[in-house]
Amino acid sequence: MINTIVITVLCVLIILNLKWILFAIILPFQIIDIKSREIKQLTGKRVSWLRLLSAPYLMWEKYIMRGGWSRYMIFQVGMVPSVHFRKLIYKLLGAQIGHDVVFHFKTEVRAPERLVIGGGSIIGDNAILDARGGLELGKNVNISSNVSIYTLQHDHRDPDFKCTNFNAKVTIGDRVWLGSNCIILPGVTIGEGAVCCAGCVVTKGVEPYTVVAGIPAKKVNERPRNLRYNFRSKNSCRLY
């Protein structure tokens, strides 16, 4: 009777935590695959033994999950209840992240291996950082909740509705502030110290220290140029 109860409890615990168990098992192989791809980009060749070690992840992603695991996993990283572990996992997945960077709850980072973030930057709740086309954030950038930054999108003029802007990198300068619910479209460069007001849609470049608002975003003001603040991650709560 006791053995049956123990087995039942264990089965329930495994089912409830299955996604985290799979996460822990598959993540090391995924990291190996990312490192293998990085070496190929640098040298033009893939290291055969690294490719062999990453085979379990490639099999899982391509044949079992049909390409859906990496996207599902990114959602789960955003819900890890620790700012430190979230940042660590993004680094392991290839992101270049400076000191004192904070990712708040439910951030979604697409293609973290193409993400660069300078020190002191803060990413708010439910933000989408689409780095597939390349995404670079400067130092002390403040991204508010529900901000969406895209570097890839479908072309409505293409007969097959393909994603055609594969090199539409987004660059955001130091001390930029993106207000809540901002949308930044592919290929945009936002200059140092600029402010994008809440709810605006940024379709083209923003000059340094310019304040923009509206849909599409247009200049409405200017920001002082004597900015000197620096964000520190120690001011953020640990578990959130």
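Brief remarks on what is shown
- Count of the range 96-110 residues, restricted to those that are more than 21 Å from Leu22 (Cβ to Cβ), open to solvent by 10 Å² or more (accessible area, probe 1.4 Å) and in a loop (DSSP other than H, G, I, E, B), is 5.
- Summed over the range 45-92, the residues that are outside any loop (DSSP other than H, G, I, E, B) and farther than 26 Å from Gly124 by Cβ give a count of 17.
- Filtered residues of the range 145-165 (kept if part of a loop (DSSP other than H, G, I, E, B) and open to solvent by less than 20 Å² (accessible area, probe 1.4 Å)): Val147, Thr151
- Some residue of the range 191-206 being small (Gly, Ala, Ser), out of contact with any Leu (no Cβ under 7 Å at 6 or more places or on another chain) and within 19 Å of Val109 (Cα to Cα): no
- Within the range 183-235, tally of residues that are in a strand (DSSP E or B) and either under 24 Å from Asp130 (Cβ atoms) or of a type outside the set (Asp, Glu) (or both): 17
- So Ile26, is it assigned to a helix (DSSP H, G or I) and buried (at least 17 other Cβ atoms within 10 Å of the Cβ): yes
- Figure legend. Inter-residue proximity from the range 37-62: first residues free of Cβ contacts under 8 Å to residues at least 24 places away in the same chain and farther than 19 Å from Met73 by Cα, second residues of a type in the set (S, T, N, Q) and surrounded by 12 or more Cβ atoms within 10 Å (Cβ to Cβ), beta-carbon distance below 8 Å, spacing 6+ or different chains. Indicated pairs: Arg46/Ser36; Val47/Ser36; Leu50/Ser36; Arg51/Ser36.
- Looking only at residues in the range 118-135 that are within 28 Å of Tyr229 (Cβ to Cβ) and touching a helix residue (DSSP H, G or I) at 6+ places or on another chain (Cβ under 9 Å), the one that is surrounded by the most Cβ atoms within 10 Å (Cβ to Cβ) is Leu129.
The values are calculated or read from the model by the stated rules, or taken from the named source; none is laboratory data. These figures come from a predicted structure and were not determined experimentally. Cβ atoms come from the backbone with ideal geometry, glycine included; neighbour counts cover every protein chain shown. Only protein heavy atoms, including side chains, enter the accessible area calculation; ligands, DNA and RNA are left aside. Shrake-Rupley method; radii C 1.70, N 1.55, O 1.52, S 1.80 Å.
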